[in-house]
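To start, the structure itself, in structure tokens.
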Amino acid sequence: MTPISEAFEEFFASAEPRLRRALVAAYGLERGREAAAEALAYSWEHWSSVRRMQNPLGYLYRVGQSKTRPRLVRRLTSRPETVEPIVEPGFTVALAGLSERQRVATVLIHGFGWTHVEVAELIGVSATTVQNHLERGMSALREALEVREDV
Amino acid sequence: MSDLNTLLREYADAAPPIRQSEIEHRRQRRRARPVVYAGIAFATIVVLVGVVALTRTNSKNTSRVATRSPAPCDRAVACPIATGQFLYFKSDALSGSDEMWTDKAGAAHQISTLVPNHREIWIAPDGSGRIAETSGKPTFVSARDKEEWVARGSDPTTLNVPAPSDRRFGPHGLGWTDTTQLPTTDTEALRVALDRVDGGTPSPGEDFVHVGDMLRETNASRDLREALYRFALTIPGVTQITDARDHSGRKGIGVARTAFGFENDLILDPNTFMLLGEQSKVVGPNQAGRAVGSEQGWTVYLRSGIVDSVTAVPSPG
């Protein structure tokens, strides 16, 4: 087995949780984790070019999207295909009702404290657009969960 | 808010971490298929070379037609964009930005700022393109946000100007919105199609957001833009602004929706229905604690057109 370089190990330790959470937010637990694993495998195979990228996480996010894309044929918007009763059932139903970008923005910013710019770089849109997705996502979640105090 | 944040965190962390050994297995598995991939790649190249050779003349003709159009986005049908061409938009904005932080007791806090922003985007139908942005100095939305900033232990004078960014994207790097299939004569059909294309939970608020999404930095035809405007007027709670002005003072017609104490306006050119600008302000009591009358952000769309590269800009007018 080829030894994994120290630089890659360091990259992996930092990128793995971020990529996994982002793609799980986008595609659900099973598909999101699978997409993240494929993207990370790609990063190892193409480490010499990935290590020189300015925005490797954004690139790998799109790699993960492309790896899971064949299952999205004929879907104009992507939603988790199944509601996974990992946490409160009402919450997962509400989350599944959001668009992919709304889920990514709400999960990463409110769940993990990412900045708008970090999410913007990840999904390739402007910070303003991220804010729009965030507001819409949070409004829909609050409405679905009837979290009136946060409106 | 902290409970919702916890649920969001728990959801995304429910998937087990990926181990390095796991990706090594995937890499080895993939190595067993290089001959197949090489064959597919070779065949693809052969086909592409053939297709390019056969269509080269045709592409050039298409390109010339699209480039010659003086105001392509004002056409009744969506502007034709040839391979290698990009939709271009330039805008100025004052954008809201929220930052979350958690104190030692685990309580979540939000700090909201407004950031001046200048943006240029080039986007092709394959999702490739470029976004160049520069920002000005942020300001706190309210005194409460400044207090939160200080409570976090940050110096108010360290609210720095975001660094300029200039990013280029390969295919699928940007989200291209295909507006060509949206109906322009049947309002209900348009509403249903917007739900399908743009996602979200169907509601008047979401319908209004869809209208903005389809007007903003898209290839929507004049017919579609007018249909979106007419559709907006049918959304419950949406009102017409007959003498609207965008932040730069341009006159237009507008649609406004008020919810939770905030009014959001979309302002369009009355002749072309191009989106001139959008703005948000506080018009009533709100749980965010924002002062009535305060500005929550605006955008003015200054120039748009079809160009032949990610370094070209359309001529004014």
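The values are calculated or read from the model by the stated rules, or taken from the named source; none is laboratory data. A quick note: this is a predicted structure, and the numbers were derived from the prediction, not measured. Every residue, glycine among them, receives a Cβ derived from its backbone with ideal geometry; neighbour counts consider all protein chains shown. Side chains included, ligands, DNA and RNA excluded: accessible areas come from the protein's heavy atoms. Shrake-Rupley method; radii C 1.70, N 1.55, O 1.52, S 1.80 Å.
Listed conditions (1) surrounded by fewer than 22 Cβ atoms within 10 Å (Cβ to Cβ); (2) without any contact (Cβ under 8 Å) to a residue 40 or more places away in the chain; (3) not charged (D, E, K, R) are all met by B:Met214, apart from (1). Only one of the numbered conditions (1) part of a loop (DSSP other than H, G, I, E, B); (2) within 14 Å of another protein chain (Cβ to nearest Cβ); (3) modelled with pLDDT under 75 is not met by B:Asp126, and that is (3). Summed over the range B:218-244, the residues that are touching a residue at least 40 places away in the same chain (Cβ under 8 Å) and not in a helix (DSSP H, G or I) give a count of 4.
How many residues, within the range A:111-138, are outside any helix (DSSP H, G or I) and facing chain B (nearest Cβ under 8 Å)?
As a first pass, look at the range A:111-138 and keep what is outside any helix (DSSP H, G or I): A:113-115, A:124-126.
Next, from what is left, pick out any that are facing chain B (nearest Cβ under 8 Å): A:113, A:115, A:124-126.
Matching residues across the range A:111-138 total 5.
Out of B:Glu206, B:Glu226, one residue alone is under 18 Å from B:Ala193 (Cα atoms) and surrounded by fewer than 18 Cβ atoms within 10 Å (Cβ to Cβ). It is B:Glu226.
Screening the candidates B:Asp74, B:Asp103 for the property of being within 14 Å of another protein chain (Cβ to nearest Cβ), at pLDDT below 85 and open to solvent by 40 Å² or more (accessible area, probe 1.4 Å) yields one hit, B:Asp103. Screening B:Ile131 with (1) assigned to a strand (DSSP E or B); (2) free of Cβ contacts under 8 Å to residues at least 40 places away in the same chain gives one miss only, at (2). Only one entry in B:Leu194, B:Leu215, B:Leu268 is closer than 26 Å to B:Leu302 by Cα and modelled with pLDDT of 95 or more, namely B:Leu268.
For the range A:31-42, give me each residue that is more than 8 Å from chain B (Cβ to nearest Cβ) and not aromatic (Phe, Trp, Tyr).
So in the range A:31-42, the residues more than 8 Å from chain B (Cβ to nearest Cβ) come out as A:31, A:34-35, A:39, A:42.
Passing the criteria: A:Arg31, A:Glu34, A:Ala35, A:Ala39.
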